[in-house]
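S.K.: Could you have a look at this structure, given as structure tokens, before my questions?
The values are calculated or read from the model by the stated rules, or taken from the named source; none is laboratory data. Predicted model, so just to flag it, every value in this text is computed and none were measured. Backbone-built Cβ (ideal geometry, glycine too); neighbour counts: all protein chains shown. SASA here: full protein model, heavy atoms, side chains in, ligands and nucleic acids out. Shrake-Rupley method; radii C 1.70, N 1.55, O 1.52, S 1.80 Å.
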Amino acid sequence: IGAGMNPNRIAILLEQNFANQLGQGLTWAMTTVRTAQIKSYRLANHAIFEANSELVPTWTWVAAIESDRTCMSCINQHGSVHPVTESMNDHHNGRCVPVPNAITFEDLGLDIPERRPEIETGEEWFRKQPRGVQIERMGPAKFRAWEAGAFKFSQLSQEYDDDIYGELLREASLKHMVGLKEAKEFY
């Protein structure tokens, strides 16, 4: 990571040199390297945000919501605003980024119009999508449950503890959100 190597290259080196000792293959190596690189990038950004908290008091969670690879937890988190005292806790292989929210020109006493784009929430974006896209992204059973009001959109993110990275967020299962018995009626 310190050498600035591409995560795929590092993963291949790990797999070639340590797979037998670690008992893991290329997929594990790639996930490990990508997660470590992205986490180190986020922590460095967070340190800069905190060191300049008088200029950057908050950050916004931004997900690649247009990508069909983006999970519903990340779509749920998209557009949420967090204090700089809180770091981003995206899941393994997560591609989301913390975007700094600097103070405004007005806060600096300047009469300059702001040109910041508004970032809609993931839920706002999701509700604007065609029904087919919603079903594809959420999955048919989870979509039926959400449409029936069995859970709130905000419940799509579930906290979990990782031995290395601590508390992370991932997409909650339907069973987790509504219970096993209730989930069965939506399948």
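S.K.: Using the Karplus curve 6.51 cos²θ - 1.76 cosθ + 1.60 with θ = phi - 60°, work out ³J(HN,Hα) for each residue of the stretch 160-173 in order, rounded to whole Hz, and write x for Gly and Pro.
M.R.: Couplings: 8, 9, 10, 4, 9, 9, x, 6, 10, 10, 9, 5, 6, 6 Hz.
S.K.: Can you work out the Karplus-derived ³J(HN,Hα) for every residue in the stretch 93-102? Use 6.51 cos²θ - 1.76 cosθ + 1.60 with θ = phi - 60°, whole Hz, and x for glycine or proline.
M.R.: 6, x, 10, 6, 9, x, 9, x, 10, 6
S.K.: Please report, as a whole percent, how much of the solvent-accessible surface of the stretch 147-187 comes from carbon and sulfur atoms (probe radius 1.4 Å).
M.R.: Summing carbon and sulfur atoms, their accessible area is 46 percent of the total for the stretch 147-187.
S.K.: What FRET efficiency comes out for the pair Thr27/Thr104, r = Cβ-Cβ distance, R0 = 41 Å, nearest 0.05?
M.R.: Plugging the Cβ-Cβ distance into 1/(1 + (r/R0)^6) gives 0.35.
S.K.: Here is a further query. Give the ranking of Val99, Val84 by solvent-accessible surface, highest area first, calculated with a 1.4 Å probe.
M.R.: I get Val99, Val84, largest accessible area first.
S.K.: OK, next. Counting other Cβ atoms within 10 Å, which trypsin sites (Lys or Arg not before Pro) in the stretch 102-187 have at most 15 and lie in a DSSP loop?
M.R.: Hits after loop and neighbour filter: Arg115, Lys152.
S.K.: Okay, next question. Using a Cα-Cα cut-off of under 17 Å, which aspartates and glutamates could be cross-linked to Lys175, ignoring same-chain neighbours fewer than 8 residues away?
M.R.: Once the sequence-local aspartates and glutamates are set aside, what remains near Lys175 is Glu147, Glu159, Glu185.
S.K.: Moving to a separate point now. Mind listing which GluC sites (Glu not before Pro) in the stretch 38-105 are in a DSSP loop and have 16 or fewer other Cβ atoms within 10 Å?
M.R.: Glu54, Glu66, Glu86
S.K.: Based on the Cβ-Cβ distance of Thr85 and Ser154, what FRET efficiency does E = 1/(1 + (r/R0)^6) give at R0 = 22 Å, to the nearest 0.05?
M.R.: It comes out at approximately 0.55.
S.K.: Say the dipole of the chain comes from +1 at the beta carbon of Lys and Arg and -1 at that of Asp and Glu; which of Ser157, Thr121, Tyr41 then lies farthest toward its positive end?
M.R.: Checking the options against the dipole of the chain, the answer is Ser157.
S.K.: The list (1) 15.9, 46; (2) 24.5, 70; (3) 19.4, 63 gives values of Rg and Dmax of the Cα atoms in Å, and only one came from this structure; which label was calculated from it?
M.R.: So the structure-derived entry is (3).
S.K.: What nm value, rounded to one decimal, do you get for the distance between Leu55 and Asp162 when each label is placed 7 Å out toward the C-beta?
M.R.: Distance between label points: 3.0 nm.
S.K.: Taking 0.36 nm per intervening residue step and subtracting the Cα-Cα distance, what contour gain separates Ala3 from Glu147 on full extension?
M.R.: 47.0 nm
S.K.: Residue by residue, what Karplus-based ³J(HN,Hα) values in Hz, rounded to whole numbers, does the stretch 104-114 have, using 6.51, -1.76 and 1.60 with θ = phi - 60° and x for Gly and Pro?
M.R.: So the Karplus estimates, Gly and Pro as x, are 7, 4, 4, 4, 8, x, 9, 9, 10, x, 6 Hz.
S.K.: Right, another one. Only loop residues by DSSP count here, and only those with at most 14 other Cβ atoms within 10 Å; note down the chymotrypsin sites (Phe, Trp or Tyr not before Pro) in the stretch 46-155 that meet that.
M.R.: For chymotrypsin sites (Phe, Trp or Tyr not before Pro) across the stretch 46-155 that sit outside H, G, I, E and B with at most 14 neighbouring Cβ atoms in 10 Å, the list reads Phe105.
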